[in-house]
Amino acid sequence: MTAAFRTTAAGRLKGAKPVKISFDGASYAALEGDTLASALLANGVHLMGRSFKYHRPRGVLSAGAEEPNALVGIHRDAARKTPNVRATVQEVYDGLTAVSQNRWPSLAFDVGAVNDIASPMFSAGFYYKTFMWPKAAWKSVYEPTIRASAGLGVAPDKPDPDHYASRYAHCDVLVLGGGAAGLSAALAAAETGARVIIADEQPAVGGALRFETGSTIDSAAGWDWAQATAVKLAAMDNVRVLTRTTAFGYYAQNMVGLVERVSDHLADPGHDLPRERLWQVRAKRVIIATGAIERHMVFDGNDKPGVMLASAGRTYLNHFGVLVGKNVGVFTASDSAYAAAIDLKQAGASIAAIVDLRDNPAGPLIDQARALGIEILSGRTLVRASGNLRVASMTVRATSGGPERTIPVDALLMSAGWTPSVHLFSQSRGKVAFDSATRRFLPGDYAQDCVSVGACSGTDTLADTVKDAVAAGEKAAKAAGLAKTVGTKVKAETSESWAGGMVGAAPGAGPDTTGKAFVDFQNDVTAKDIRLAVREGMRSIEHVKRFTTNGMATDQGKTSNIHGLAIAAEALGKEMPEVGLTTFRAPYTPVTFGSLVNHSKGRLFDPTRRTPFHAQEEKLGAVFEDVGQWKRAWYYPRAGEDMHAAVNRECATVRKAAGIFDASTLGKIEVVGPDAAKFMELMYTNPWEKLESGRCRYGIMLREDGFIYDDGVVGRLAADRFHVTTTTGGAARVMNHMEDYLQTEFPHLDVWLTSISEQWAVIAVQGPKSRDIIAPLVEGIDMSDGAMPHMSVREGKICGVPTRLFRMSFTGERGFEINVPADYAAAVWDAVWAQGQKHGACAYGTEAMHVLRAEKGYIIVGQDTDGTVTPQDAGLDWAVGKKKTDFVGIRGLKRPDLVAKGRKQLVGLRTKDPKVVLEEGAQIVADPKQPIPMKMLGHVTSSYWSENCGRSIALGVVTGGFERMGQTLYVPMPDKVIEVEVVGQVFFDEKGERLHG
Amino acid sequence: MLLIHCPYCDEDRPELEFRNAGEAHIARPENIAEISDEEFAQFFFIRTNPKGLIYERWRHIHGCARFFNAVRDSVSDKFLMTYKAGEKRPTVKAGEKA
């Protein structure tokens, strides 16, 4: 069965495979090669959508990417529901299912259309003015109602099941656009041997040759030449031809983002193909050949289904073999529409009349139309198009006024001329220049190594376009370093010119008229709205745009921006460039999140770092927490234990017997060289020169401003070798900080820095039994207290593998940290674990580690400090070398604010009720009865239940805290006020005897 | 994404391999412990933040890991030149490609 409006008189789909598609549940016959729009039009279906604000019936405006009206949902399955797909771009496949949007209960009968009748209420900026009162109703009534009634498609509610590919590519010449200009340029560049990539958004190259059937290039029909040229290019080793590929963004240094739609046009894409492929292309030279977009005429009713661009009507006929109507009217201000009228007439449609704004149009196309017997009404304008769900008539009068004449039509083609597509040029940061003779914006000053050719640079004829493009292709190849030119020859003949046209509202839609003459179809902006914006005081086009939303829809004003600017300029009595042109931003057409997110989702979103003990910890039932990219064992619940019970047991066991802890995530840096000690003196507040080999010291690192940046225990392995540890989170930035100073401030020091975080895995064994557990496994190290006191480091062997064995403690107990090469770490853990079992040890996680260190008042940088805490504030003044003459931060520490009284200082907080555990981050005040906002003295930085103390413990920073010992302060919470006493930082074993016990 | 020329690798590499490290040619005073509050403020806090040519530090952190200096136009983002740390501040005019 052939669809009713499919003609055999024209088109390129003859013999194509018939397929079935469905739109809003109805089934339609289509041909492979159709777009959804051409297939529906072939079946006489013009009504394809409802408008954003007024719910007006809408059909197709265009036959391409600029389409503002015919937006539909494409549903493949429950998860694959793509909203806002342009019917003019979506290729059909057998079984394609499309649904209309923004209508209820149906597309033909939409309750929301009441907005159109009530439209005087909804003029531009209406929501800024109308819904001001009562204030509370905005959130609960107005906004939800407006959001429900305005809008486009519905976002899918399931995760995207498709996969997307990503490629980086480099080339000498990247050609954007595969029309006559792009193909000619690509050919000329390619024949020099340059590496060329040419991309076109359509399924096939050809651009405007798709509808301009009269053109011939190299003695062939333009379209046939284009296809043959693409085949020729694709066969060359140095050329990549990408179709269905949109250049959506032009970035710095000739980096262009392309998205290739790989499988959206296939009935059954299968699992192997990606849905889309993102290309990030870096080109030495870029040739922009993006063509031009036809403008509509601005008159009352120009949005009725059946009213469309002349080039669209011509494309549907000449490419798809579809007559958009059988009695077609034409409204134009340029010659282009005549060619459409002639083609339709010759294909069997009747042309009701050509209404031409110009008084005396002349030229071969006009003569040809007249010869075909088409009535030409020159010096006339359309005052309105009428019809309900489809245009039914057009009403004509002289441009100067006078009597009206209504002519029945079933379709209406319009052309106000062509707007050069300067989007990508503008995105490249090139400056557009207004050409006052033709009243259009053209590429002006270039910011990058690119050039625009053809209609996008204002070239109006095919012959000039091809000639310029060949020259540009050769020049680009030469600029990219290709020396030879082969003298590519492409010759075009054409009788058509894209010159002329008009911008702004047609004479029938002037300031004195009341009809809806649409400027921006997708956002329902009329000529009247633009004038209102000017009356309301908007002076710049940027303000007009935001007030009216002109050009802010998903089509980004491809058809509307120039008209909107012209109307605003007229209302302001200024020239267009004085009012300004809004910025063209990426993406050129909407890009799926899927293609941009690409592989970076789920497990590939961010790397996961696991320590060498991860499997051992999993076996022990560890619950893991995320610490940056690390998975760290948080606690080890046993049967029947919740987190609280597990942490309590772990804390008690460490102090009673011993605990085994994975400390591998700590950052580790080896500082080596003759000047290693000198370098350490500069990087840390502490003195290092006199630290003996084999001993350790707790080091504090400051920034130049005097605030604590990091801390950690440092072991001196030899005179010229330090094993530095950092916080887990600080590992990378401390390395960067050290490298920065070493390379740029202290390059005279003979020092090398090596990150050894991943080389050494660390098992901490802490508790009174720690030495008994480890000693049997260790060779070559005397672990007696005399030979290896607290804060010492020895090199030897454990379980037969090298170890750097630290005697140190972050729990306050006798403790060791066993550094072993990561590759042997799991075996050593197993051996230590087996030993530990003999002594009643348990594994403990980061939560118990936190509690145990807080019982001892040991700080955690980044938790108890926040980048505004000095060593003095943290009670660590003892760690600052008083005799030192230089270290990073030495001057910062002396800044007036840092030595002033009343700084926040780190203190212990004891709740009056020992059972109450404070919330970390809770604010501390002196008087809980003061009015809100209260004056806060500080906040709680660390707070836990301490099983070992039998009560809650907390640390906090409090203004003048050291002088408040014994004071009662208050922590106001939403439901109560908690009384706390300011105490010292240490809650357990204040004398520190257990370190040696 | 910018391409940045690492003067140590002598290669144009993508911006992803680099990290900006703030304004260049701000030397840490050798007698830093003795300088006045004003001098410290000038050294530590005050930056030129120019519209136009900016001399700044970069680190090829995911490459050779070296810090180096660059002259960049803060309006167009374009790099005019890069040079090794410790080399003299070059004189470059806006719009000039060194």
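Every number in this text was worked out from the coordinates using simple rules, so none of it is lab data. Since we're looking at a predicted model, the values are computed, not measured. Note that each Cβ is placed from the backbone with ideal geometry, even for glycine, and that neighbours are counted across all protein chains shown.
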- Query: In percent, what relative contact order does region A:667-756 have, based on Cα pairs under 8 Å that are 6 or more apart in sequence?
  - Reply: 41 percent
- Given Cβ charges of +1 for Lys and Arg and -1 for Asp and Glu, the option among A:Ala677, A:Val544, A:Gly786 whose Cα lies farthest towards the positive end of the dipole of the protein assembly as shown is A:Val544
- Can you pull the Rg over Rh of region A:667-756, Cα-only, Kirkwood? 0.91
- Message: Let me test this: with uniform point scatterers at the alpha carbons of region B:3-84, what is the Debye-based log₁₀ I(q)/I(0) at q = 0.20, 0.23 1/Å?
- Response: -0.89, -1.03
- Gain upon complete extension [A:Ala220, A:His839; 0.36 nm per residue less C-alpha separation]: 213.6 nm
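Using only the Cα atoms, what convex hull volume per residue in Å³ does region A:901-941 have?
100 Å³
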- Just name one of A:Gln766, B:Ile35, A:Leu40: the one whose Cα is farthest towards the positive end of the charge dipole of the protein assembly as shown (beta-carbon charges, Lys/Arg +1, Asp/Glu -1). A:Leu40
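Just flag the chymotrypsin sites (Phe, Trp or Tyr not before Pro) in region A:587-624 sitting in loop per DSSP whose Cβ has no more than 15 other Cβ atoms within 10 Å.
Working: sites: A:Tyr588, A:Phe593, A:Phe605, A:Phe613, A:Phe624; in loops: A:Tyr588, A:Phe605, A:Phe613.
Here the chymotrypsin sites (Phe, Trp or Tyr not before Pro) that fit, given the DSSP loop and packing criteria, are A:Phe605.
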- Taking only the alpha-carbon positions of the protein assembly as shown as identical scatterers, the Debye log10 I(q)/I(0) at q = 0.07, 0.09, 0.10 Å⁻¹ comes out as -0.84, -1.07, -1.17
- If you project the alpha carbons of region A:503-587 onto their three principal axes, what span does each projection cover, largest first, in Å? 37, 25, 22
- Task: Indicate the helices, whole DSSP H runs only, in chain A that combine a mean Kyte-Doolittle hydropathy of -1.0 or more with a Cα extent along their long axis of 24 angstrom or more.
- Result: A:462-479
- Taking max minus min of the Cα coordinates of region A:213-312 on each principal axis, largest first, gives extents in Å of 50, 39, 38
- Note on the structure: Quick note, region A:155-289: a/c under 1.5 would make it rounded; otherwise a/b > b/c is prolate and the rest oblate (a ≥ b ≥ c, C-alpha gyration tensor); here it is oblate
- Note on the structure: Rounded to whole angstrom, the alpha-carbon centroid of region A:468-498 lies from that of region B:1-18 at a distance of 33 Å
- Work out the mean other chain Cβ neighbour count within 10 Å for the residues of B:28-35 and drop it here as an integer. 5
- Note on the structure: According to the Cβ-distance criterion of 4.7 Å, cysteines of the protein assembly as shown with no possible disulfide partner are A:Cys171, A:Cys450, A:Cys456, A:Cys651, A:Cys696, A:Cys799, A:Cys842, A:Cys949, B:Cys64
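Which whole-number percent is the relative contact order of chain A (Cα, under 8 Å, 6+ apart)?
This gives 9 percent for chain A.
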- Query: What nm distance separates the two modelled labels at A:Glu404 and A:Leu273, each placed 7 Å from Cα along Cα→Cβ?
  - Reply: 5.1 nm
- Averaged over the residues of A:889-899, the number of partner chain Cβ atoms within 10 Å of each residue's own Cβ comes to 3
- Item | Distant alpha-carbon pairs in region A:472-628 (separation over 18 angstrom), percent | 73 percent
- Cα coordinate range in region A:480-526, projected on the principal axes (Å, largest first): 62, 29, 15
- Contact order normalised by residue count of region A:873-997, Cα under 8 Å, 6+ apart, percent: 28 percent
- Based on the Cα coordinates of region A:1-158, what is the per residue volume of their convex hull in Å³? 132 Å³
- Taking every pair of alpha-carbon atoms in region A:615-729, what share in percent sits in each 5 Å bin, from 0 to the bin with the longest distance? 2, 10, 16, 15, 14, 12, 12, 10, 6, 2, 1, 0
- A correct Stokes-Einstein calculation for region A:388-454, using the alpha-carbon Kirkwood radius, 25 °C and 0.890 mPa s, returns a whole-number D in µm² s⁻¹ of 156 µm²/s
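Rounded, prolate or oblate, given the Cα gyration tensor of region A:698-742, with a/c below 1.5 counting as rounded? Don't skip to the answer; put the middle values down first.
Values: a/c = 1.67, a/b = 1.50, b/c = 1.11.
In terms of gyration-tensor shape, prolate.
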- Message: For a Förster distance of 30 Å, can you work out the FRET efficiency between the beta-carbons of A:Leu749 and B:Thr91, rounded to the nearest 0.05?
- Response: 0.50
- Simple spin-label estimate for A:Phe109/B:Cys64, 7 Å along Cα→Cβ, in nm, reads 7.6 nm
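Sorted from largest to smallest, which semi-axis lengths in Å does the alpha carbon gyration tensor of region A:877-997 give for its equivalent ellipsoid, taking the root of 5 times each eigenvalue? Kindly include the intermediate steps, with their values, before the conclusion.
Details: eigenvalues 161, 101, 21 Å².
So the equivalent ellipsoid measures 28, 22, 10 Å along its semi-axes.
Treating only the Cβ atoms of Lys and Arg (+1) and Asp and Glu (-1) as charged, compute the dipole magnitude of region A:299-415 about its Cα centre; round to the nearest 20 debye. Intermediate values should be presented prior to the final figure.
Working: 11 positive and 10 negative charges, 40 e Å.
Magnitude of the dipole: close to 200 debye.
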- Query: Ranked highest first by the average count of other Cβ atoms within 10 Å around their residues, in what order do B:45-57, A:649-661 fall?
  - Reply: A:649-661, B:45-57
- Over all directions, average the projected area of the Cα convex hull of region A:299-415 and note it in nm². 6.4 nm²
- Excluding residues fewer than 8 positions from A:Lys935 in its own chain, the lysines with Cα under 19 Å of it are A:Lys901, A:Lys904, A:Lys976
